[in-house]
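Chemist: I'd like to ask you about the structure that follows.
The values are calculated or read from the model by the stated rules, or taken from the named source; none is laboratory data. Remember, predicted model here, so these are calculated numbers, not experimental data. Every residue, glycine among them, receives a Cβ derived from its backbone with ideal geometry; neighbour counts consider all protein chains shown.
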């Protein structure tokens, strides 16, 4: 292909990307994505509530995303709310993934390629999390409920049975621990404030949003780091009972000395994260590097 032909092709690609970007920036999608952010915050509030109940032996519901969705399903207008949560989370995933359309040109620049790839990876990782939660909510909406911890154990068991399965589980465990550490560091450094449209937020609210967000991110980092540690133990021992998700991590915290108080602190952190997510729904900014 000639140089002029490559330029024409590149111009067409840029034009297609710009048109797709206009779709992901459409006000309707932005408003529906805010519904997803509200649902995301509400789910964390419910997880915090369920963790509090677990801490003091009040209930036996799973303190994780599926437990939160089951709580919604059992409540008034549960199915309608689940459909709203599911569609809102999927719109949020599309809205978040749309940020890739702004940054992808940096991949063509050798000097900025590494940083651009990192930004794009963050955008896509968030979009995947939102999409998984959206699909899970829709599964609950149509009555196809499942337990996240049980599914994780089944997947771990199936993986351990294949050659090199324990190594694969260990790699996943390291990845989960890395996500937990990243979340923890983001909470300590306040990097999460990049997801808030600070110019739009009143100055008097910024300190509160930051303090609440710090507590929430640190609690999530600890919880997900523990999930990774439990997966690592499953890989080393080839005992799938050690492979548990968020609810299993909450149960492990509750089982140590001073467990109720420790789990209460983690639950408070998830409640704080829920509050932060609601603030982000009010003042959203999807750019992770702004």
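Chemist: For residue 268, work out the one condition from (1) surrounded by fewer than 24 Cβ atoms within 10 Å (Cβ to Cβ); (2) modelled with pLDDT under 90 it doesn't fulfil.
Modeler: (2)
Chemist: Which condition number does residue 171 fail, the rest of (1) surrounded by 15 or more Cβ atoms within 10 Å (Cβ to Cβ); (2) modelled with pLDDT of 80 or more; (3) out of contact with any helix residue (DSSP H, G or I) (no Cβ under 6 Å at 6 or more places or on another chain); (4) more than 21 Å from residue 91 (Cβ to Cβ) being met?
Modeler: Answer for residue 171: the failing condition is (1).
Chemist: I want to confirm something. Restricting to segment 276-290 and keeping residues that are over 15 Å from the mean Cα position of the chain (by Cα) and either under 18 Å from residue 180 (Cβ atoms) or assigned to a helix (DSSP H, G or I) (or both), which single residue is modelled with the highest pLDDT?
Modeler: So the residue we want is 279.
Chemist: Tell me the residue from 236, 231, 184, 246 that is under 30 Å from residue 118 (Cβ atoms) and surrounded by fewer than 22 Cβ atoms within 10 Å (Cβ to Cβ), please.
Modeler: Within the list 236, 231, 184, 246, the selection yields 184.
Chemist: A further question follows. From the list 260, 207, which residue is over 21 Å from the mean Cα position of the chain (by Cα), in a helix (DSSP H, G or I) and without any contact (Cβ under 8 Å) to a residue 40 or more places away in the chain?
Modeler: Within the list 260, 207, the selection yields 207.
Chemist: Then there is this: Within segment 183-195, which residues are closer than 17 Å to residue 272 by Cα and out of contact with any strand residue (DSSP E or B) (no Cβ under 8 Å at 6 or more places or on another chain)?
Modeler: Once the filter is applied, which keeps residues that are closer than 17 Å to residue 272 by Cα and out of contact with any strand residue (DSSP E or B) (no Cβ under 8 Å at 6 or more places or on another chain), segment 183-195 yields 183, 184, 185, 186, 187, 188, 189, 190, 191, 192, 193.
Chemist: Checking residue 195 against (1) touching a residue at least 60 places away in the same chain (Cβ under 8 Å); (2) within 16 Å of the chain's Cα centre (by Cα); (3) under 21 Å from residue 263 (Cβ atoms), only one condition comes out false. Which one?
Modeler: Unmet condition: (3).
Chemist: If I ask for residues that are free of Cβ contacts under 8 Å to residues at least 40 places away in the same chain and not in a helix (DSSP H, G or I), which ones from segment 58-78 would you list?
Modeler: Answer for segment 58-78, where residues must be free of Cβ contacts under 8 Å to residues at least 40 places away in the same chain and not in a helix (DSSP H, G or I): 58, 59, 60, 61, 75, 76, 77.
Chemist: Only one of these conditions is not met by residue 54: (1) under 30 Å from residue 124 (Cα atoms); (2) modelled with pLDDT of 85 or more; (3) over 16 Å from the mean Cα position of the chain (by Cα); (4) crowded, with 23+ Cβ neighbours inside 10 Å. Which number is it?
Modeler: Of everything listed in (1) under 30 Å from residue 124 (Cα atoms); (2) modelled with pLDDT of 85 or more; (3) over 16 Å from the mean Cα position of the chain (by Cα); (4) crowded, with 23+ Cβ neighbours inside 10 Å, residue 54 misses just condition (1).
Chemist: Which one is surrounded by the fewest Cβ atoms within 10 Å (Cβ to Cβ), of the residues in segment 156-167 that are part of a helix (DSSP H, G or I) and without any contact (Cβ under 8 Å) to a residue 24 or more places away in the chain?
Modeler: Checking each candidate, the answer is 158.
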